[in-house]
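So the structure is just underneath, and the comments pick up after that.
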Amino acid sequence: MENLASFLVAGGIVLLIVIALLRSAKVVPQRSAIVVERLGKYARTLDAGFHLLIPFIERVAYRHSMKEAAVDVPSQTCITRDNIAVEIDGVLYMQVLNAKSASYGIEDYRYAAIQLAQTTLRSEIGKLELDRTFEERETINAHIIDAVDRASEPWGLKITRYEISNINPPQSVKDALEKQMRAERERRAVVAHSEGERQAKINVAEGEKQEAIMLSEARKLQQINEAQGKAQEISLLAEATAEGIRRVAEAIQGPGGQEAMNLRVAEQYVKQFGNLAKESNTMILPATLSDIGGTVAALTKVIESQKTPTTTPPLNRMETAPPPEVPPHLPIS
């Protein structure tokens, strides 16, 4: 019985030792830290790896993650400079740099950082009017980060970023903003339409101007070409006429030229006399029918008289025989 009791006692002691060893063995994950206290007093900070604690003397007091954490900042009502209440929420990004300070510097560093971010946000929003709160997000975020980071430095924290998630003004303000935005869009549409019409008119006027210039240039070239053509035509006609006159003059000055000219004049007289009745409704006839034969005989006598040689020296100007005497004619309608 005594041996059995001794065995049980020894087994219990061994079991306690094993349990104590298991409880004292600690494995710290990467990017984590454990604060160890020895008899209620800070002893050391365990980094990532395997560690052994002194049983019944040392204990794990705090555990911290050294990773950057995103903490939601609850929505709160802020009053702008123009006395409009808006609800704003955001996200705060922080990281524990010193596990000891985060454990003993403040009771709850997360809650403290959130409260400090909210109070700083209310202060910054109170400096701005409603319209500027939408434009100055970056400035507000920078001011909150600076204020919270300076305040949390003794806590072993590093505030990396702060982002405003939503800005919710009252419904009446939303309606007014919507009307303002609608009016602005309509104004821009009207301005854009008027600018388009103005540009279209300018383009049309410019096109008409270019068309008029091109047409005037075309007319100018056409008139120049026509003038040049007429000039060439007149020049050629003048040269041809001069050449014809010169040849006629030479022919008249030659043998038989004067007689041929007189004969040509007589033929043209008879021909033009025959055309008188064709150009009007009035027919001209001799006073008597016997006068027609006399006229023909007179013309024949003139033609035959041109066949006799003449001793008149040639003249420098054209001479024409006087028309034969013709009996008077009576117009008959």
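So is SER6 among the polar types (S, T, N, Q), surrounded by fewer than 11 Cβ atoms within 10 Å (Cβ to Cβ) and not assigned by TED's automatic domain parsing to the domain that holds THR160 or not?
It is true that SER6 is among the polar types (S, T, N, Q), surrounded by fewer than 11 Cβ atoms within 10 Å (Cβ to Cβ) and not assigned by TED's automatic domain parsing to the domain that holds THR160.
Conditions tested, residue by residue: (1) surrounded by 10 or more Cβ atoms within 10 Å (Cβ to Cβ); (2) touching a Pro at 6+ places or on another chain (Cβ under 8 Å); (3) over 27 Å from THR77 (Cα atoms).
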position: ILE144; (1), (2), (3): yes, no, no
position: GLU153; (1), (2), (3): yes, no, yes
position: GLN171; (1), (2), (3): no, no, no
position: VAL190; (1), (2), (3): yes, no, yes
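One line per residue, one yes/no per condition, for (1) under 19 Å from ASP72 (Cβ atoms); (2) in contact with a Lys or Arg (Cβ under 9 Å, 6 or more places away or on another chain):
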position: VAL96; (1), (2): yes, yes
position: SER103; (1), (2): no, no
position: GLN115; (1), (2): yes, no
position: THR119; (1), (2): yes, no
position: SER123; (1), (2): no, no
position: GLY126; (1), (2): no, yes
position: PHE134; (1), (2): no, no
position: ARG137; (1), (2): yes, no
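Quick check on the range 72-102: of everything there that is touching a residue at least 60 places away in the same chain (Cβ under 8 Å) and not in a strand (DSSP E or B), which residue is nearest to the chain's Cα centre (by Cα)?
ILE84
So, of the residues in the range 166-222 that are acidic (Asp, Glu) and under 30 Å from ARG132 (Cβ atoms), which turns out to be nearest to the chain's Cα centre (by Cα)?
GLU195
Among VAL73, VAL36, VAL28, which is the only one that is in the same structural domain as SER152 (by TED's automatic domain parsing) and either surrounded by 14 or more Cβ atoms within 10 Å (Cβ to Cβ) or among the aliphatic types (A, V, I, L, M) (or both)?
On the way: VAL36 fails: in the same structural domain as SER152 (by TED's automatic domain parsing); VAL28 fails: in the same structural domain as SER152 (by TED's automatic domain parsing).
After applying the criteria, what remains is VAL73.
Only helices (runs of 4 or more DSSP H) wholly contained in the range 104-187 count here; list those with 2 or more residues that are without any contact (Cβ under 8 Å) to a residue 24 or more places away in the chain, assigned by TED's automatic domain parsing to the domain that holds VAL86 and closer than 25 Å to GLU68 by Cβ.
Where helices (runs of 4 or more DSSP H) fall fully within the range 104-187 and carry at least 2 residues being without any contact (Cβ under 8 Å) to a residue 24 or more places away in the chain, assigned by TED's automatic domain parsing to the domain that holds VAL86 and closer than 25 Å to GLU68 by Cβ, they are 109-125, 137-152.
Condition first: closer than 12 Å to VAL96 by Cα, surrounded by 17 or more Cβ atoms within 10 Å (Cβ to Cβ) and not β-branched (Val, Ile, Thr). Now tell me which residues in the range 155-167 satisfy that.
Selection gives TRP155, GLY156, LEU157.
The values are calculated or read from the model by the stated rules, or taken from the named source; none is laboratory data. Computed from a predicted structure; not experimentally measured. Every residue, glycine as well, gets a Cβ built from its backbone with ideal geometry; the counts of neighbours run over all protein chains shown.
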